[in-house]
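The values are calculated or read from the model by the stated rules, or taken from the named source; none is laboratory data. On a predicted model such as this, the values are computed, not experimentally measured, just so you know. All Cβ positions, even for glycine, are placed from backbone atoms using ideal geometry, and neighbour counts span all protein chains on display.
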Amino acid sequence: MKVLVCGGAGYIGSHMAQWLAERGDTVTVLDNLSTGHRAAVKWGEFLEADLLDPASLEHAFAGRFFDAVVHFCARSLVGESVQEPYAYYANNVTGTLNLLEAMRRHEVQRLVFSSTAAVFGSPICDLIDEEHLKAPINPYGVSKLMVEQILADAAVAYGLRSVALRYFNAAGALPQHGIGEAHACETHLIPNVLKSALGTGPALKVFGDDYPTPDGTCVRDYVHVQDLAQAHALAIGYMDTNPGTHAFNLGNGQGFSVREVIAAAGKVAGRDIVYEVAPRRTGDPATLVASSRKAREILGWRPTWTTLEPIIESAWRWHRDQRF
Ligand code: UDP
C-alpha cells in the first residue's frame, strides 16, 4: 500500500513509518517539523508541508497516489491548550479540515486519525470503553472530539472511510531503529523520570499524592508506541470492508500509579530516582485506564508490550544512548 503519514517526523508518527515500511508499504512522510525531527524520518520520502498552508498540501498531493492517510499532526499538550486555545483549534481542527479537503480533491478515501483519551474528560467509571460519555475538559480534547464529529459528517457527505484511535498514555521507544520520544518541552511522566535519572532533566516532581488511588498518585494506562503503530496498520485494512467512521480505544487495560512508574524506572536504570511531591496539575483525572476489548475483538489488535518494565526499558535505552 501507499500510505501518507502526516506528522511522521513526530514520536508516534515515526514509529508508524517504521512499522509500515517493515511490512512492505510505501511510506511518504509529511511534516512541518514544528515539533518533529528530520532525523526521525528514516523511512520513505519526506515532504515538508504544513496543514495550515493549503498550497503546500496541494503540492504534496499533486502527482502522488495514496491508498490511505494516517494523521498525527497536532498540538497535544493539555496545559498549553488551555493557555492557547486558538492555536489548538487552528492546528487540530482547521489543519485537519485542510487535509480532508486535499484528500477529497485527490480522491483519497481512507483516513486513520490520531485521537485521544482526552475526548472522555473526567472518567465516570474505572475502565473506559468507547461508549463512555465524551465530555472533554480542555481545548485539546475538544479539538480532537470536533474532528471525530467532522469525520462522521464526511462519511455521510463524501463517503470518507475513517478510524479514530484514542490513545491512552503512549510510551516506550524503538532504540534499535533509532527512534523514540523527544519533545523540546517535555511534560510526560516517563521521559521526565528517565531524564531525571540521567541528570539531564530538571528535578522530578510528582503532581499530587492525595488522589483517591491506592498510593495517592494518578493512575494511567501506558501503551507502547509500537503497539499503537500495529493498531493503525490494522485500522487501514479494516476500512477495506468497513465503510463509515469508527473509533477504538487503545491501552493495555492496566493502570500504574506515578509512584509505580518511578519505582519501575529506578529498577530499570539501576539507581534511586529522587522526586518531590508538588501540587496537583490542573486537569489531571485520578485514574485513566482503557478497555481495548473492541480493538482486540474487531481489529484483531494484539499488543506485545503488555508489562510496564519492558516499556520503560525501551525508553530508558533510547534516552540513555541516543535521542535526537
Ligand atoms: N506527572 C508527574 N510528573 C511529571 C509528569 C507527569 O507527576 O513530571 C504525572 C501527571 O500528573 C499524570 C501522570 O504523571 O498524573 C501522567 O502524565 P503524562 O503527562 O505523562 O500523561 P497524561 O496522562 O497527562 O496524558
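Within segment 275-308, the set of residues being in contact with a helix residue (DSSP H, G or I) (Cβ under 8 Å, 6 or more places away or on another chain) and within 21 Å of T213 (Cα to Cα) comprises Y275, R281, T282, G283, L288, A290, L308.
For segment 252-284, a residue qualifies if it is among the acidic types (D, E), modelled with pLDDT of 95 or more and either outside any helix (DSSP H, G or I) or over 19 Å from V223 (Cα atoms) (or both), and exactly one does: E276. If you take the residues in segment 204-231 that are more than 17 Å from the chain's Cα centre (by Cα) and more than 10 Å from the ligand (Cβ to nearest atom), which one is nearest to A286 (Cα to Cα)? If we take residues in segment 204-231 being more than 17 Å from the chain's Cα centre (by Cα) and more than 10 Å from the ligand (Cβ to nearest atom), then P212 is nearest to A286 (Cα to Cα).
Restricting the search to segment 89-127, which residues are in a strand (DSSP E or B) and either more than 20 Å from N249 (Cβ to Cβ) or aromatic (F, W, Y) (or both)? R110, F113, listed by residue number.
Restricting attention to segment 132-145, the residues that are modelled with pLDDT of 95 or more and among the polar types (S, T, N, Q) total 1.
Within segment 217-240, residues that are within 30 Å of E276 (Cβ to Cβ) and in a helix (DSSP H, G or I) sit with their Cβ atoms under 8 Å from residues that are modelled with pLDDT of 95 or more and within 16 Å of the ligand (Cβ to nearest atom), at 6+ positions apart or across chains, in these pairs: V225/Y11; V225/I12; V225/A170; V225/A171; V225/G172; V225/A173; V225/E181.
Here is the figure for segment 297-320: residues that are of a type in the set (S, T, Y) and either assigned to a helix (DSSP H, G or I) or in contact with a Pro (Cβ under 7 Å, 6 or more places away or on another chain) (or both) total 1.
State whether one or more residues within segment 146-162 are at pLDDT below 95, of a type in the set (V, I, T) and over 25 Å from A60 (Cβ atoms). No: zero hits. Among the residues of segment 147-180, those that are assigned to a helix (DSSP H, G or I), in contact with a helix residue (DSSP H, G or I) (Cβ under 9 Å, 6 or more places away or on another chain) and over 30 Å from A265 (Cα atoms) comprise V147, E148, I150, L151, A154, Y158. Screening R64, R75, R38 for residues that are touching a helix residue (DSSP H, G or I) at 6+ places or on another chain (Cβ under 9 Å), modelled with pLDDT of 95 or more and charged (D, E, K, R) leaves exactly one candidate, R75. Determine, yes or no, whether P175 is touching a residue at least 60 places away in the same chain (Cβ under 8 Å), within 16 Å of the ligand (Cβ to nearest atom), surrounded by fewer than 22 Cβ atoms within 10 Å (Cβ to Cβ) and not acidic (D, E). Answer is no for this residue. Restricted to segment 185-199, and to residues there that are surrounded by 15 or more Cβ atoms within 10 Å (Cβ to Cβ) and either among the small types (G, A, S) or more than 7 Å from the ligand (Cβ to nearest atom) (or both), the residue that is modelled with the lowest pLDDT is E186. Set side by side, the residues R23, R75, R38, R64 differ, and just one is closer than 28 Å to H188 by Cα and more than 17 Å from the chain's Cα centre (by Cα), which is R38.
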